[in-house]
Amino acid sequence: MLDPQARALIDLLTARAIPPVHTLTPADARRFYRERRFFTQPDPPPVASTQDLQADGPHGAIPLRVYRPAGTAPDAVLPVLVYFHGGGWTIGDLDTHDVLCRDLANGSGCAVVSVDYRLGPEHPFPAAVDDCVAATRWVRSNAVALRVDARRLAVGGDSAGGNLAAVVCLVLRDAGDALPAFQLLIYPATDMRAVAPSHTTNAQGYLLTADSIAYYRGHYIADPAQWTDWRASPLLADDHGRLPPALVITAGFDPLRDEGRQYADALSGAGTKAEYVCFERQIHGFITMGRVIDEANTAVALCAAVLRRALA
């Protein structure tokens, strides 16, 4: 069954006639996402420090926010998670995922660097990929100044951000760069063709719908011929071997559920260590909804514990 708290949230949004994202302009969708986050997200927990910085990228400066977990000394050299927010490559920013990044930092003992990559439709594919690869390389290159350990660097993200984290690992491997030590993929989009069975069984009624997926994909990738580019659809890469160990999390009532599981299977099948956990009663996007969905907090704690172990 659908988690009763998720059901209550869906029913409330329906009763209040909240407009579906695919009926909004990107500017309005971004504003609604920022404004509505206070209803579903927990209060931001205190951390030791935050700092807004910029990385250099091929398309210009990339805004970053660096979190250091509560209780850590300013001069301590910490493991680090480079985090890419969700939002269908169209919405989301440093503020929409501020609470999640704080929770991951405090729970894992890692510094977290949140990346404000470029969004479509203003900056279509592969601009987001380029930004995320550049930001990851920048964090590694500036590890001493950031007081982080470049050998204990992970990448991660939710939804579109999970897609980008997976792609970053593939790009770095193929370029012969140093690989991240771990990848955290939270209900990642891995196949732009949207052909997995869960895209049919969960197409309507669970917040992320077939209509909204088409909306996001259309703003990110204008040319359907690019759907099969592995930088857009990492599931379609020729080789999933020699990649960082992964935790892949999915939600049972999510259209993206099956392509997330397929990606975990592809990693495992190619000899890459991958753990897979499906929160069977949950909806897409639940991990940021800890104010109204208790299992979100369980999922965040799981992610933090796995990061702590992987980067120890």
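The values are calculated or read from the model by the stated rules, or taken from the named source; none is laboratory data. Please read all numbers here as calculations on a predicted model, not as lab measurements. Reconstructed Cβ throughout: ideal geometry from the backbone, glycine too, with neighbour counts over all protein chains shown. In case anyone asks, the SASA skips ligands and DNA or RNA and just uses the protein heavy atoms, side chains included. Shrake-Rupley method; radii C 1.70, N 1.55, O 1.52, S 1.80 Å.
The rows are residues; the columns are (1) within 17 Å of M289 (Cα to Cα); (2) open to solvent by 40 Å² or more (accessible area, probe 1.4 Å).
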| position | (1), (2) |
| --- | --- |
| R31 | no, yes |
| A55 | no, no |
| A61 | no, yes |
| D75 | no, yes |
| P79 | no, no |
| V82 | no, no |
| H85 | yes, no |
| W89 | no, no |
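Let me spell it out: the conditions are (1) in a loop (DSSP other than H, G, I, E, B); (2) more than 20 Å from A175 (Cβ to Cβ); (3) in contact with a Cys (Cβ under 9 Å, 6 or more places away or on another chain), and P244 meets all of them except one. Which number is the exception?
Of everything listed in (1) in a loop (DSSP other than H, G, I, E, B); (2) more than 20 Å from A175 (Cβ to Cβ); (3) in contact with a Cys (Cβ under 9 Å, 6 or more places away or on another chain), P244 misses just condition (2).
Considering segment 296-307 alone, what residues qualify as being open to solvent by less than 50 Å² (accessible area, probe 1.4 Å) and in contact (Cβ under 8 Å) with a residue 40 or more places away in the chain?
Of everything in segment 296-307, those that are open to solvent by less than 50 Å² (accessible area, probe 1.4 Å) and in contact (Cβ under 8 Å) with a residue 40 or more places away in the chain turn out to be A299, V300, C303, A304, V306, L307.
If you take the residues in segment 29-72 that are part of a strand (DSSP E or B) and without any contact (Cβ under 8 Å) to a residue 12 or more places away in the chain, which one is farthest from D149 (Cα to Cα)?
Per the criteria, the residue is G60.
Hey, does segment 118-125 have a residue that's within 17 Å of L235 (Cα to Cα), modelled with pLDDT of 95 or more and not charged (D, E, K, R)?
So in segment 118-125, the residues within 17 Å of L235 (Cα to Cα) come out as 125.
Cutting the leftovers down to modelled with pLDDT of 95 or more gives us 125.
This time we only want the ones that are not charged (D, E, K, R), so: 125.
Within segment 118-125, one or more residues are within 17 Å of L235 (Cα to Cα), modelled with pLDDT of 95 or more and not charged (D, E, K, R).
Answer yes if at least one residue in segment 103-116 is charged (D, E, K, R), open to solvent by less than 30 Å² (accessible area, probe 1.4 Å), closer than 19 Å to A304 by Cβ and under 18 Å from the mean Cα position of the chain (by Cα), and no otherwise.
The answer is no; no qualifying residue exists.
Only one of (1) closer than 22 Å to A310 by Cα; (2) surrounded by 24 or more Cβ atoms within 10 Å (Cβ to Cβ) is not met by Q282, so which one is it?
(1)
Of all residues in segment 213-235, which are part of a helix (DSSP H, G or I), among the aliphatic types (A, V, I, L, M) and over 19 Å from the mean Cα position of the chain (by Cα)?
A225, the sole residue that qualifies.
Does segment 150-198 hold any residues that are farther than 21 Å from Q262 by Cα, open to solvent by less than 20 Å² (accessible area, probe 1.4 Å) and in a strand (DSSP E or B), and which are they?
Within segment 150-198, L153, A154 qualify.
Exactly one of (1) within 20 Å of T50 (Cβ to Cβ); (2) touching a residue at least 60 places away in the same chain (Cβ under 8 Å); (3) not small (G, A, S); (4) not in a helix (DSSP H, G or I) is unmet by P124. Its number?
Only one criterion is unmet by P124, namely (1).
Determine if segment 139-147 includes at least one residue that is touching a helix residue (DSSP H, G or I) at 6+ places or on another chain (Cβ under 9 Å), within 15 Å of A55 (Cβ to Cβ), of a type in the set (V, I, T) and touching a residue at least 12 places away in the same chain (Cβ under 8 Å). Working first, answer last.
Applying the first criterion (touching a helix residue (DSSP H, G or I) at 6+ places or on another chain (Cβ under 9 Å)) to segment 139-147 yields 139, 146.
Narrowing further to those that are within 15 Å of A55 (Cβ to Cβ): 139, 146.
Then drop every residue that is not of a type in the set (V, I, T), which leaves 139.
If we keep only those that are touching a residue at least 12 places away in the same chain (Cβ under 8 Å) too, we end up with 139.
Yes: segment 139-147 contains one or more residues that are touching a helix residue (DSSP H, G or I) at 6+ places or on another chain (Cβ under 9 Å), within 15 Å of A55 (Cβ to Cβ), of a type in the set (V, I, T) and touching a residue at least 12 places away in the same chain (Cβ under 8 Å).
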